[in-house]
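The values are calculated or read from the model by the stated rules, or taken from the named source; none is laboratory data. Note that this is a predicted model, so its numbers are computed, not measured. Here the Cβ positions follow ideal geometry from the backbone for every residue, glycine too, while neighbour counts run over all protein chains shown.
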Amino acid sequence: MSVAAPPAAPVPFIDLAAQRRRLGDRVDRAIAAVLDHGKFIMGPEVDRAEAALAAFCEAGHCISCASGTDGLALGLMAWELRPGDAVLVPGFTFAATAEVVAWLGAEPVFVDVRPDSFNLDPAGLEAGIAAARKCGLRPRAVMAADLFGQPADYDAIAEFARAHDMAVFADAAQSLGARYKERPVGTLGDFTATSFYPPKPLGCYGDGGAVFTEDPERVGPLISLREHGYGSDKYDHVRIGMNARFDTIQAAILLEKLAIFPEEIAARQTVAARYGEGLADIVTVPMVMDGSTSVWAQYTIRVPQGRRAQIVAGLKARNVPTAVHYPRPLHRQAAFARYPVAEGGLPVAETLAETVLSLPMHPYLQPDLQDSVIAAVRAVVADVQAFSGNPSS
């Protein structure tokens, strides 16, 4: 890779406009078809999207919904989570992973993550169960979050969960299209929820989500819960449900994006590999577990502790945007402060929150522009290290 000058203009962090140009008028035609038939809620495109997503993920059943967060909640409701129950969740993730547990009156119990994959550490689950039982809670489920596009270690998680009669939930908001030991995301937990929020690897042009399950007995309750818990008709309510339907226009958009998604995943792999080659000797680059793939929802490096603000400022001055996913672990946030934490605390989650930094990442990041980003990162990190007087820090 040749040395490139830093970017001359601001770099898009996620370039949805480039994808829009590639799709051309396909999305416009898909939206126009919905406008013509007028079935804006649960129209035929919703059924087609569910079937296409199930086939793509090699999953038994796909139930679309209004958001990834609603997908998590629907799965927990179908599992009949109740007050007094506990769900083990990673402390280093977005708030949705834990808040859906609290919605239902149950309690999230925070467990630490692995420093290499950023995902839930199966070795910490026993401490999580102990913390739950110490608080008089019934451990009912483990919810892993597939952070930044890579699946968690589901075999180890499932072995632990089965031994304790717990369900496995996969928060796959960032990982749809990835694989774990040759098995696709969507088939790795008892329930898998994903998000189609626009910046996700597979996104629509608004909110949307889906739940996947292999258990046919769960399909009926999930569909019922998605629409106010209806029974024989929409005015017969047999469950306390929610309004979580997937809009027909968003389903139509998603179908067009799904058609090019495999090519975009391949492009993401190329972009991630280029980052790794260009940055591995100066920052800590992300790793992918043996036997797994990532869809690289984010490309998140680790920088020297205490130096992130300087690096962010230096990159901004060179037209390179960054983001911090996530600046504070959940157990350190006011909304979750009262919930249990595994014995020994969450030292890895706390360290990651101080050192992670996400770089521009999307399938349309051209090599010359990416080389400019890499050059800027290298220059800024080298300057910061030289200023600190400790190049190895």
Exercise for review: Quick one: in the stretch 209-267, of everything that is of a type in the set (Ser, Thr, Tyr) and part of a helix (DSSP H, G or I), which residue is farthest from Asp70 (Cα to Cα)?
Suggested key: Thr248
Point to revise | Filtered residues of the stretch 67-115 (kept if of a type outside the set (Asp, Glu), part of a loop (DSSP other than H, G, I, E, B) and surrounded by 19 or more Cβ atoms within 10 Å (Cβ to Cβ)) | key: Ser67, Trp79, Leu81, Gly91, Phe92, Thr93, Ala106, Arg114
Check your understanding: Does Tyr154 satisfy the criteria of being under 21 Å from Phe94 (Cα atoms) and either of a type outside the set (S, T, N, Q) or at pLDDT 95 or above (or both)?
Key -> yes
**Study point:** Selection within the stretch 359-388 - not aliphatic (A, V, I, L, M) and not in a helix (DSSP H, G or I)
**Key:** Pro360, His362, Pro363, Tyr364, Gln366
Study note, to complete from the structure: Expected single match for closer than 22 Å to Glu58 by Cβ, modelled with pLDDT of 95 or more and outside any helix (DSSP H, G or I) among Gly136, Gly206, Gly177 is Gly177
Exercise for review: Test Phe118 against the stated conditions and say whether it is of a type outside the set (Lys, Arg), in the same structural domain as Ser175 (by TED's automatic domain parsing), surrounded by fewer than 21 Cβ atoms within 10 Å (Cβ to Cβ) and under 18 Å from Ala173 (Cα atoms).
Suggested key: no
Exercise for review: Pairs only if they're at least six apart or on different chains, beta carbon under 7 angstrom, first in the stretch 216-244 and closer than 18 Å to Thr192 by Cβ, second of a type in the set (Asp, Glu) and surrounded by 11 or more Cβ atoms within 10 Å (Cβ to Cβ); list them, first residue then second.
Suggested key: Ala244/Asp70
**Study point:** Boolean, Thr213 is among the hydroxyl-bearing types (Ser, Thr, Tyr), crowded, with 18+ Cβ neighbours inside 10 Å and out of contact with any strand residue (DSSP E or B) (no Cβ under 6 Å at 6 or more places or on another chain)
**Key:** no
Review point. For the stretch 337-349, does any single residue satisfy the condition of being among the charged types (D, E, K, R), under 29 Å from Leu120 (Cα atoms) and under 22 Å from the mean Cα position of the chain (by Cα)?
Key: no
Review point. Can you find a residue in the stretch 160-171 that is more than 30 Å from Ile260 (Cα to Cα), assigned to a loop (DSSP other than H, G, I, E, B) and not acidic (Asp, Glu)?
Key: yes
Review point. Of all residues in the stretch 324-336, which are surrounded by 13 or more Cβ atoms within 10 Å (Cβ to Cβ), assigned to a helix (DSSP H, G or I) and over 19 Å from the mean Cα position of the chain (by Cα)?
Key: Arg332, Phe336
Exercise for review: Scan the stretch 85-108 and report the pairs whose first residue is under 20 Å from Arg328 (Cβ atoms) and without any contact (Cβ under 8 Å) to a residue 40 or more places away in the chain and whose second residue is in a strand (DSSP E or B) and of a type in the set (Gly, Ala, Ser), with Cβ atoms within less than 8 Å and a gap of 6+ or a chain change.
Suggested key: none
Practice item. Only one of these is surrounded by 14 or more Cβ atoms within 10 Å (Cβ to Cβ) and touching a helix residue (DSSP H, G or I) at 6+ places or on another chain (Cβ under 6 Å): Ile301, Ile311. Name it. Key: Ile311
